[in-house]
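For reference, the structure discussed in these notes is given below.
Derivation of every value follows stated rules applied to the coordinates shown; laboratory data play no part. Since the structure is predicted, the reported quantities are computational estimates derived from the model, not experimental observations. With ideal geometry, Cβ positions are generated from the backbone for all residues, glycine too; neighbour counts draw on all protein chains shown.
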């Protein structure tokens, strides 16, 4: 069974945000799954491998990132369980590919595109309302 650890890579530039990433280990092979989650060094709890959410102007952002991380970890756990149940061998790369495919499938942008395509308001409605103003 694979394991997943949450890691933080501080920026090499003083005062800039570092990056959170996931370390995926399967059969002693380690791979990194990059995220776009960026935080400052003092916002990271190294001992707990989690975001430290204090009282600051960034607390809403940090809470949002924390929720996204929890969601990612649940999805990674689900992927690992599915791969384990297949009873065939898999690699850390297989986990990453499955995760990235699901991110593409479930992205907010793709969701909104689908909603717009299924719009119940006819196109001529927009044309007449915008031309009449």
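Couple of notes before you dig in:
- Qualifying residue in segment 42-63 (condition: free of Cβ contacts under 8 Å to residues at least 40 places away in the same chain, within 21 Å of residue 95 (Cβ to Cβ) and either surrounded by 15 or more Cβ atoms within 10 Å (Cβ to Cβ) or in contact with a helix residue (DSSP H, G or I) (Cβ under 7 Å, 6 or more places away or on another chain) (or both)): no
- Among the residues of segment 42-70, not one is under 14 Å from the mean Cα position of the chain (by Cα) and part of a loop (DSSP other than H, G, I, E, B).
- Which listed residue is surrounded by 11 or more Cβ atoms within 10 Å (Cβ to Cβ), in contact (Cβ under 8 Å) with a residue 24 or more places away in the chain and touching a strand residue (DSSP E or B) at 6+ places or on another chain (Cβ under 7 Å), from 80, 95: 95
- Qualifying residue in segment 23-33 (condition: without any contact (Cβ under 8 Å) to a residue 60 or more places away in the chain and surrounded by 16 or more Cβ atoms within 10 Å (Cβ to Cβ)): no
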